[in-house]
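S.K.: Provided herewith is a single structure, encoded as structure tokens, for subsequent inquiry.
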Amino acid sequence: LHPPFSVAEAAATMYPGMQPMPGPGMGGMPGMGHPMGGMPQQAWGAPQPPQQAGVQPQKPAGGAAPPPARSTPNLNVGGAPPQGTSRAAAIDTIPVATPAEIPQQMRMGGALEKSGFVRSDHGNRGPNWEIVGEDSQILVVKVGAGEEVMCEPGGMMTKGKETHPSVNMGSMGLACKRCCCAGESCFRVIWKATQGDTVTVTPFFPAKVLPIDLDKHSGLFIKKKAWMASLGRNTDFGIQTAPSFATACCAGQGCCLTSITGTGTTFLSIGGTVVEKTLGESEELVLEQSSLVAWSPSVRLDVIRSGNCCTMCCGGMGLFQARVTGPGLVIIQSMSYEKARQAYAQAALGQKPQQSGGLGIGVS
């Protein structure tokens, strides 16, 4: 068959040799009677007798008016394609509504989209790197001759024989600040390839790997122990004192905040599901302290009370919660290292994992 074709012709092709079963509306279709009507109750392919001009249809006995004539429904919505057109080409002629033509109330949108959050999706691969896995992910880097991968101590999983390590501290003062104030290691391991090779890097706990383009997000503040690796040595770490005493003690980030600057791509280790939100001017977001992973320099970080006295003591959220105020980007994780460590410790002791609660003030 070639379009345009009738339903009767299609049925005759699909069911050769089968006689039609008359029924209301679609008498030419075998075994089907549909109230939509429009198909003459006659044998397939039998032509309709021509209607003579000027001849009125006869009225049935009793003087009742004849039923109104029903026309065959137009099945070629997009218009009849030329004779000989393939079925695939005929389907292409059917018009499809664009998103702009769909009414707003009919568009699909979940609670995540409506709240302004989006799943953090910065890509799982680049020109010479790829993130592999679903939950406990690994970073695979294809390094060329003379290229380097910088990572935290103990982060390397595999390497080839053409890749050799070296240790770098940066400056002594910055290394001490990074170790004593930010909870990071004094040292950074540099893996340099003399020829083309492959290096794989893993987070220090079961976590996902999130790539960050420093060309777009240089100066981003990150949670301590969140940095995992960088391509090359063009990554620097800065230390900044927390803006207030309450923030230093109760915001979950410590007395010093770690910022990361440079160029190229760096990678963070993040637990659980990762979402992000771009806050508007003066827009506020309250969150559990350990859930905050990274935030723009324009975002202000402080703390607020968890609630009344009973809530602070028995609500499982501690005395304070972190608050971020826009404008800027915030990246949030659902299973922080602190939560995972607490759950593992409770499981090892045979206890049921639960929130910290009590009088905890969220000091990390």
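S.K.: Can you tell me the order of 197-204, 155-162, 215-222 when each peptide is scored by its average per-residue count of other Cβ atoms within 10 angstrom, highest first? Don't skip to the answer; put the middle values down first.
M.R.: Numbers: 197-204: 20.2, 155-162: 14.8, 215-222: 16.6.
Descending mean neighbour count gives 197-204, 215-222, 155-162.
S.K.: Sticking with this one: Could you grab the Rg to Rh ratio for segment 219-294? Cα atoms only, Kirkwood for Rh. Spell out each step's value before the answer.
M.R.: Details: Rg = 13.4 Å, Rh = 13.8 Å.
Ratio of gyration radius to Kirkwood radius for segment 219-294: 0.97.
S.K.: Mind computing the radius of gyration and Dmax over the alpha-carbon atoms of segment 187-227? Å is fine for both.
M.R.: 13.3, 35
S.K.: Quick one: if the Förster radius is 35 Å, what FRET efficiency do Glu134 and Gln240 give, using the C-beta to C-beta distance and rounding to 0.05? If you can, show how the numbers build up before the last one.
M.R.: On the way: r = 35 Å, r/R0 = 0.99.
Efficiency, rounded to the nearest 0.05: 0.50.
S.K.: Which FRET efficiency value, to the nearest 0.05, is calculated for Cys313 and Glu283 with the Förster distance at 35 angstrom and r the Cβ-Cβ distance? Walk me through the intermediate numbers first.
M.R.: Values: r = 30 Å, r/R0 = 0.85.
Rounded to the nearest 0.05, the efficiency is 0.70.
S.K.: Residue separation times 0.36 nm, minus the C-alpha to C-alpha distance between Asn124 and Cys176: what's the value? The partial results should precede the final answer.
M.R.: On the way: separation 52, 0.36 × 52 = 18.72 nm, distance 3.34 nm.
My answer for the length gained is 15.4 nm.
S.K.: Here's a follow-up. I'd like to check one number: the per residue accessible area of segment 208-295, probe 1.4 Å, reported in Å² as a whole number. Numbers along the way, then the final one.
M.R.: Details: 3100 Å² over 88 residues.
Result: 35 Å² per residue.
S.K.: How far is it, in nm, from the label point at Met157 to the one at Leu112 when both lie 7 Å from their Cα along the line to the Cβ?
M.R.: 2.3
S.K.: Of Thr158, His122, Val143, which is farthest along the charge dipole of segment 114-164 in the positive direction, counting Lys and Arg as +1 and Asp and Glu as -1 at C-beta?
M.R.: My answer, from the dipole projection, is His122.
S.K.: By how many nm would the segment from Phe204 to Ser298 grow when fully extended, if each residue of separation counts as 0.36 nm and the alpha-carbon distance is taken off? Intermediate results must be reported in sequence, preceding the final value.
M.R.: Working: separation 94, 0.36 × 94 = 33.84 nm, distance 2.93 nm.
That works out to 30.9 nm of additional length.
S.K.: Sticking with this one: Please report, as a whole percent, how much of the solvent-accessible surface of segment 199-272 comes from carbon and sulfur atoms (probe radius 1.4 Å). Don't jump to the answer; show the numbers that get you there.
M.R.: Numbers: 1350 of 2440 Å².
The nonpolar share, carbon plus sulfur, comes to 56 percent.
S.K.: Packing-wise, with mean Cβ within 10 Å as the measure, how do 321-331, 275-285 rank, highest first?
M.R.: Details: 321-331: 19.7, 275-285: 15.2.
Highest mean packing first, the order is 321-331, 275-285.
The values are calculated or read from the model by the stated rules, or taken from the named source; none is laboratory data. Bear in mind that the values here come from a model prediction, so they are computed numbers and not experimental data. So basically every Cβ, Gly included, is an ideal-geometry build from the backbone, and we count neighbours across all protein chains shown. Calculation scope for accessible area: heavy atoms of the full protein, side chains included, ligands and nucleic acids excluded. Shrake-Rupley method; radii C 1.70, N 1.55, O 1.52, S 1.80 Å.
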